[in-house]
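S.K.: Shown below is the structure under consideration.
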Amino acid sequence: MDITTLPGLSAVLHAGADLVAVLTDALTPVAGPAAAALAVVVLTLAVRVLLVPLSVLQVRAERDRRRLAPRIAELRRRAGRDTARFQRSLQELYTAERVAPLAGCLPVLAQAPVVSLLYTVFTHASIDGTVNTLLRASLAGIPLAQSAVTVLTSPLWVHGWLVLVLLAVLVVAVEHTRRAQQYWNPAPAPAPDVTVPGAAVTAGIARWVPFVSVVFAAVAPLAAALYLVTSAVWTLAERAVLRRLVR
């Protein structure tokens, strides 16, 4: 089944494709062949501006968790290896202090539909029977519909420097954001229980979870990768500013 023909979803995809096309036309006099790529960047910035209120909530929740860090550490010490007990105590503490533990997920969840839309728009030759002209858009010789993996394993590899730079920027932004997150959320994590099979592996995997976006950017169309890179850099700068301003 072609998802671009599903009722409702087709209209959303059309609206998304039309929005990118309109932005591309408006930016063509300035950016020329790179107009579509710039349109994706502009769309990303517009979405992130709209999500600033959620980011403020996220930073406030982060500040509250940092304030509660000594008490959280004490709860963890008392619970020992009893994870269920610790989780219950932690939830009670958050409820009493009116802290929203899931606030940190809101900006990410809010962006997921936009990334999905870009992924779908740049992977379908037509949307509900309409030819998708955005597939002809490119940046520095690389079609926005191609992924980094495809570029590096095809004759397009001569332009591979671009995708490598984008992925490198994303890795740096994600790592800096991860380290800042650890600093502003200093509650210690429990050491892996060696008596539980796979505990050490699970802990190791958790260390690399933030880099899932890098893997996705490598296999997704360049348009979606541009969104992720732009959003990651925005997040890094935005947190640095909000952590100074939000009270």
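S.K.: I need the calculated FRET efficiency for the pair ALA100 and VAL171, taking r as the beta carbon distance and R₀ as 35 Å, to the nearest 0.05.
M.R.: After rounding, the FRET efficiency stands at 0.75.
S.K.: Over segment 24-152, average the accessible area per residue using a 1.4 Å probe and give it in Å², no decimals.
M.R.: 53 Å²
S.K.: Go through segment 219-225 residue by residue and turn each phi into a ³J(HN,Hα) via Karplus (6.51, -1.76, 1.60, θ = phi - 60°); whole Hz please, and just put x for glycine and proline.
M.R.: So the J values, rounded to whole Hz, are 9, 8, x, 4, 4, 5, 5.
S.K.: Considering only protein heavy atoms and a probe of 1.4 Å, how much of the accessible area of segment 13-99 is carbon and sulfur, as a whole percent?
M.R.: 61 percent
S.K.: Enumerate the calculated ³J(HN,Hα) couplings along segment 10-18 in order (Karplus 6.51 cos²θ - 1.76 cosθ + 1.60, θ = phi - 60°), each rounded to whole Hz, writing x wherever the residue is Gly or Pro.
M.R.: Calculated HN-Hα couplings, in order: 4, 5, 5, 5, 4, 4, x, 5, 5 Hz.
S.K.: To continue, here is another question. Tell me, in nm to one decimal, what length is gained between ALA237 and GLN181 on full extension, where the rule is 0.36 nm per residue of separation less the Cα-Cα distance?
M.R.: 18.9 nm
S.K.: Roughly how tilted is helix 160-184, in degrees to the nearest 10 and between 0 and 90, from the longest Cα axis of the chain?
M.R.: 20 degrees
S.K.: I would also like to ask the following. Calculate the translational D of the chain in whole µm² s⁻¹ from Stokes-Einstein, where the hydrodynamic radius comes from the Kirkwood formula applied to all Cα pairs, the temperature is 25 °C and the viscosity 0.890 mPa s.
M.R.: Estimated via Stokes-Einstein, D reaches 120 µm²/s.
The values are calculated or read from the model by the stated rules, or taken from the named source; none is laboratory data. Worth saying up front: this structure is predicted, and the values here are computed from it rather than measured. Note that each Cβ is placed from the backbone with ideal geometry, even for glycine, and that neighbours are counted across all protein chains shown. The accessibility values were calculated without ligands, DNA or RNA, using every heavy atom of the protein model including side chains. Shrake-Rupley method; radii C 1.70, N 1.55, O 1.52, S 1.80 Å.
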